[in-house]
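Peer 1: Structure in structure tokens, see below.
The values are calculated or read from the model by the stated rules, or taken from the named source; none is laboratory data. Everything numeric in this text was worked out from a predicted model, so none of it was measured. Every residue, glycine among them, receives a Cβ derived from its backbone with ideal geometry; neighbour counts consider all protein chains shown. With ligands, DNA and RNA removed, areas are computed over all heavy atoms of the protein, side chains included. Shrake-Rupley method; radii C 1.70, N 1.55, O 1.52, S 1.80 Å.
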Amino acid sequence: MKTSNHKSKMAAPITKTPQALSLKVLAECSTTKARTCKLKLPHYTVDTPVFMPVGTQGTMKSLTTSQLENVDAQLILGNTYHLGMRPGPELLEKAGGLHKFMNWKRALLTDSGGFQMVSLVKLAEITEEGVKFQSPYTKEELLLTPEKSVEIQASIGADIIMQLDDVVHSLTTGPRVEEAMYRSIRWLDRCIAAQKRPHEQNLFAIIQGGLDSKLRTICAKEMVKRDTPGYAIGGLSGGEEKEHFWKMVTLSTDILPRDKPRYCMGVGYAVDLVVCCALGVDMFDCVYPTRTARFGSALVRSGQLQLQNKQYAKDFRPIDENCRCSTCLNYTRAYLHSIAGKETVACQIISVHNIKFQMDLMRDIRQAILDDRYPDFIKDFMKVVYPAGDYPTWAVDSLASVNVALNTG
């Protein structure tokens with residue numbers, strides 16, 4: 001990937017942006033940084049901490065919107081890069097936005113499209129103007145600018161839209177990380193200036209800076225000056241060591257304001273969700289629940305059931321006897337073993353359970369925070385996942401930083 005050698009820092013117009021959301025903090029953990037809130041958005045009021053299933057192309061893989069409502073998904077994610085390519089902003093505008101187009105009545109967040117430029121496109125050139133890339137559909141050379149990203153997201157009509165940021169892989173080091181961080185701040189200013197629907201859509205800033213605490217701190221403080229409706233912690237969950245990951249998360253939440261939602265991008269594993277809530281994060285997204293379902297993997301509190309394994313061939317229990325999703329009420333492990341990886345309907349049936357699992361986990365986290373027993377919840381949860389007490393060092397260290405000692409009962 002080519003990058004420009006643009007070295008200038010920032011021309012920093014500090015602006016107050018109108019906001020189409022409100023955040024009411026219901027309870028804060030007396031031990032950790034966890035909190036539970038009501039996040040009021042134009043289309044729905046969301047309970048946080050919240051996990052957002054990813055519906056890349058205006059659809060959740062194999063699921064209908066009614067199925068998503070049935071498992072109580074409150075906020076889902078759409079992908080600006082893919083939606084901008086197909087069906088395109090013109091058609092989405094004619095349809096009245098993605099909510100109407102896909103028949104989704106609850107809240108919707110769209111990413112900026114920048115991440116896909118880096119992860120999916122082989123030849124991309126990043127300059128101060130934007131990201132030049134070759135369309136995988138038409139082979140045409142296109143340019144995604146901060147202004148264009150906001151324009152496409154306006155056509156999609158999401159409740160929350162993300163700034164275009166200069167994305168680098170989490171393992172990148174050296175001058176490129178600093179360049180991307182400062183450029184992301186400048187691009188945020190351009191996104192703010194380009195936004196035409198601030199009373200209907202909420203533009204979130206994205207904190208960059210790689211694994212460099214100094215750069216993360218600079219970026220977070222600069223983003224907070226812009227007073228955007230919410231803030232995302234970006235550039236993580238890309239293969240970096242968890243010991244570095246959690247430190248960047250907690251550093252960011254220490255700086256971000258109490259009255260704004262905090263979104264850690266790309267996090268979906270259950271242990272990560274439990275830990276990051278303790279570190280003060282409100283919002284998460286990941287393709288993990290539906291992607292793993294396609295391979296016959298069902299989520300349970302102790303980890304995963306690989307339903308294609310022979311041990312489930314004559315197991316007539318549901319995936320989880322305590323789960324009330326339509327999958328667990330109607331199908332056995334034996335049945336799912338017989339179709340997993342063979343019949344397309346298996347993906348749908350397992351996905352329903354996996355998303356319900358994520359929703360139930362977040363519900364239980366919220367209740368534990370409301371009851372001010374989140375440290376006990378964490379300890380009980382971790383004992384189920386690690387019955388031998390062999391907790392990962394990063395989890396022990398991160399939780400110790402918020403006064404939860406895993407190894408003391």
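Peer 1: Six or more apart or on different chains, Cβ atoms under 7 Å: show the pairs whose first residue is in the stretch 65-87 and touching a residue at least 60 places away in the same chain (Cβ under 8 Å) and under 23 Å from LEU361 (Cβ atoms) and whose second is among the acidic types (Asp, Glu) and part of a loop (DSSP other than H, G, I, E, B).
Peer 2: LEU77/ASP111
Peer 1: A further question follows. Can you tell me which residue is nearest to SER351 (Cα to Cα) among those in the stretch 290-320 that are β-branched (Val, Ile, Thr) and crowded, with 21+ Cβ neighbours inside 10 Å?
Peer 2: Result: THR290.
Peer 1: While we're looking at this one, here's another question. Return the residues of the stretch 52-68 that are among the hydrophobic types (A, V, I, L, M, F, W, C) and in a helix (DSSP H, G or I); say none if nothing qualifies.
Peer 2: Scanning the stretch 52-68 gives a single hit, LEU68.
Peer 1: So, one more: Anything in the stretch 273-289 that is open to solvent by less than 10 Å² (accessible area, probe 1.4 Å) and in a helix (DSSP H, G or I)? List them, or say none.
Peer 2: LEU273, VAL274, VAL275, CYS276, CYS277, ALA278, PRO289
Peer 1: Does the stretch 119-139 include one or more residues that are closer than 23 Å to ASP227 by Cα and in contact with a Phe, Trp or Tyr (Cβ under 6 Å, 6 or more places away or on another chain)?
Peer 2: no
Peer 1: Now for a different question. State the number of residues belonging to the stretch 356-409 that are farther than 28 Å from SER326 by Cα, assigned to a helix (DSSP H, G or I) and β-branched (Val, Ile, Thr).
Peer 2: Here the count works out to 3.
Peer 1: Turning to a different aspect of this structure: Mind checking which pairs have a first residue in the stretch 111-130 that is farther than 16 Å from ARG183 by Cα and among the small types (Gly, Ala, Ser) and a second that is at pLDDT below 80 and part of a loop (DSSP other than H, G, I, E, B), Cβ under 7 Å, 6 or more apart or different chains?
Peer 2: That search, which allows pairs on different chains as well, returns ALA124/MET1.
Peer 1: Does TRP246 fit the bill of being at pLDDT 95 or above, in contact with a helix residue (DSSP H, G or I) (Cβ under 8 Å, 6 or more places away or on another chain) and either open to solvent by 20 Å² or more (accessible area, probe 1.4 Å) or within 29 Å of VAL274 (Cβ to Cβ) (or both)?
Peer 2: yes
Peer 1: Shifting gears a bit: Select from the stretch 206-227 the residues that are in a loop (DSSP other than H, G, I, E, B) and surrounded by fewer than 24 Cβ atoms within 10 Å (Cβ to Cβ) and list them in ascending order.
Peer 2: LEU211, ASP212, ARG226, ASP227
Peer 1: Pairs, please: C-beta under 8 Å, at least 6 apart or cross-chain, first residue among the small types (Gly, Ala, Ser) and in the stretch 151-163, second in a helix (DSSP H, G or I)?
Peer 2: Hits for this filter: SER155/PRO89; SER155/GLU90; SER155/LEU92; SER155/GLU93; GLY157/LEU92; GLY157/LEU98; GLY157/HIS99; ALA158/LEU98.
Peer 1: In addition: Just one of the numbered conditions (1) assigned to a helix (DSSP H, G or I); (2) open to solvent by 30 Å² or more (accessible area, probe 1.4 Å); (3) in contact with a helix residue (DSSP H, G or I) (Cβ under 8 Å, 6 or more places away or on another chain); (4) at pLDDT 95 or above is not true of SER338; which one?
Peer 2: (3)
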